[in-house]
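Below is one structure; the comments refer to it alone.
Here, each number is a calculation from the coordinates, and none is a lab measurement. Just so we're clear, the structure is a prediction, and the values are computed from it rather than from any experiment. Positions of Cβ are backbone-derived with ideal geometry, glycine not excepted, and every protein chain shown enters the neighbour counts.
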Amino acid sequence: MKEVKVGVVVGSLRKDSYNLMAANALISVAPRNLKFEFIEIGNLELYNQDYDEKSPESYVAFREKVKSMDAILFVTPEYNRSVPGVLKNAIDIASRPWGQSVWGGKPAAIMSVTIGNVGAFGANHHLRQALMFLDMAVLAQPEAYISNAMSLFDASGKLVNEDTKAFFTNFMKAFADFIDYANQGLN
Ligand SMILES: Cc1cc2nc3c(=O)[nH]c(=O)nc-3n(C[C@H](O)[C@H](O)[C@H](O)COP(=O)(O)O)c2cc1C
């Protein structure tokens, strides 16, 4: 399979983030043709439409980085049954100025990770709604709602639950196939 550049966007800035642990675990089991790069979102000023005239350097660099990717993997917690503000901020920034969104046409996958019991379903689907509007091709199956994250990783952040590891492997294989399928229409 062709080499594919995948940008990884993590919706938590916390240094001991379970979502970051999950992102690293996903990368470790992914098909080898996927080449990953984390895309930083914690340095972005709060979006202000006035900046569409003259954007801060952080916006310019972020948009360029997103644009350079073939696909995007989102791994996010749920805050108050929705997407963390820092992630929504990043999505809005790369969607503007109007008509110049850099998200459109890119295949995407979403995994939501929580210490709670309902898999951060709300965040997963609010994010999905925004990505669909932005004309991204979002992987539908398998759905990835990861609950009880504190029981899945060891103290060093390594994924130690074997069932979850098998699911992560299956999820990334499906994402790689989906990217391949989505790109057939573009080539
Ligand atoms: C402001 C805030 C709101 C939260 N709301 C939810 C929620 O709606 N649903 C949920 O499952 N967990 C919620 N949590 C708990 C997160 O799942 C938990 O903090 C998780 O570890 C965050 O992900 P991280 O480890 O990647 O930082 C919330 C946490 C914070 C700080």
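Observations
- If R0 is taken as 30 Å, the Cβ-Cβ distance between Glu162 and Glu40 corresponds to a FRET efficiency of 0.40.
- Gap separating the Cα centres of region 36-68 and region 1-31, nearest whole Å: 19 Å
- Volume per residue of the C-alpha convex hull in region 52-125, rounded to whole Å³: 98 Å³
- Length-normalised contact order for the chain - Cα pairs under 8 Å, 6+ apart - percent: 24 percent
- Within region 1-139, the percentage of alpha carbon pairs spaced more than 17 angstrom apart rounds to 58%.
- Most positive-pole-ward Cα, Ala90, Asn48, Met1, against dipole of region 1-149 from beta carbon charges: Met1
- A straight chain from Asp135 to Glu3 at 0.36 nm per residue would run longer than the Cα-Cα distance by 45.2 nm.
- Remark: Glu40, Glu162 ranked as Glu162, Glu40, counting other beta-carbon atoms within 10 Å and listing the fewest first.
- Taking Trp98, Trp103 and counting other C-beta atoms within 10 Å, the order from fewest to most: Trp98, Trp103
- DSSP bridge pairs, the chain: antiparallel proportion in percent, nearest 5: 10 percent
- Sum of -39500 (n - 2.57) over DSSP H runs of 4+, divided by residues of the chain (222 nm, nearest 500): -12000 deg cm²/dmol
- Interchain or long-range residues, amide H under 5 Å from Ala108's placed H: Ile72, Ala137, Val138, Leu139
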